[in-house]
Amino acid sequence: MTVLILGVLLWSGAHLFKRVAPDARARMGDTAKGLVAVLVLLSIVLMWWGYRNADAGFWWGRHPATVGINNLLNLLAVYLFAASGMKTRITAYIRHPQLTAIKAWAVGHLIVNGDLPSLILFGGLLAWAVVEVILINRQTAHPAPPPRASTGKEIGAVVGTLVVYGLIAWVHYWFGYPAFG
């Protein structure tokens, strides 16, 4: 469990560094980008390893209704990541589409995974995303909405979402976590 907690803390710390210590981050220049990238990769390995090997309390499990809600939230999360990169129409209404995606993803996983390792992983990443949004909103002005996206971009985002979501479901099955069952 310690490895999982360290992974979540490392992820959060690496991402929050720019917001919590902007002067220190600026003094590091481009070196900080490399350091943050290494720390994020290490945090992902620690979270994966810690989650796979953690065994602790269990309070609730999967139910067909909660699986459906989880899948819809995760489909939304994948779409928000695509929309963010392609600057689709929804990005004019959601200021932080990637962080909103993380929140939807985390809530979806918490709905179907009522064990302590899941609460630490998904709850920890949900807390990080909420804190990140608060800090960004306090430090930066609200940008102007992006220009209206073309219909082609909208279609591309939807098609990309479905392909990536299918790959994510396949990887979940491969690791032993059925996405639809």
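What about Thr161, is it in a helix (DSSP H, G or I), closer than 30 Å to Lys18 by Cβ and in contact (Cβ under 8 Å) with a residue 40 or more places away in the chain?
Yes; evaluated as a whole, the condition is true for this residue.
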* Asked: Picking from Ala54, Ala14, Ala106, Ala83, which residue would you name as being surrounded by 14 or more Cβ atoms within 10 Å (Cβ to Cβ), under 21 Å from Gly156 (Cα atoms) and out of contact with any Asp or Glu (no Cβ under 8 Å at 6 or more places or on another chain)?
  -> Ala83
* Asked: Just checking, which of Leu35, Leu42, Leu6 is surrounded by 12 or more Cβ atoms within 10 Å (Cβ to Cβ), touching a Leu at 6+ places or on another chain (Cβ under 6 Å) and in a helix (DSSP H, G or I)?
  -> Leu6
* Asked: Hey, any hits in segment 144-151 for a residue that's polar (S, T, N, Q), over 30 Å from Leu16 (Cα atoms) and over 18 Å from the mean Cα position of the chain (by Cα)?
  -> yes
* Checking Asn74 against (1) without any contact (Cβ under 8 Å) to a residue 60 or more places away in the chain; (2) in a helix (DSSP H, G or I), the condition it does not meet -> (1)
* **Search result, residues across segment 103-117 that are more than 19 Å from Leu72 (Cα to Cα) and assigned to a helix (DSSP H, G or I)** => Leu116, Pro117
* Looking at Arg62, is it part of a loop (DSSP other than H, G, I, E, B), more than 18 Å from the chain's Cα centre (by Cα) and not β-branched (Val, Ile, Thr)? -> yes
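Read-outs: derived from the displayed coordinates by stated rules, not from any lab. A quick note: this is a predicted structure, and the numbers were derived from the prediction, not measured. Cβ atoms come from the backbone with ideal geometry, glycine included; neighbour counts cover every protein chain shown.
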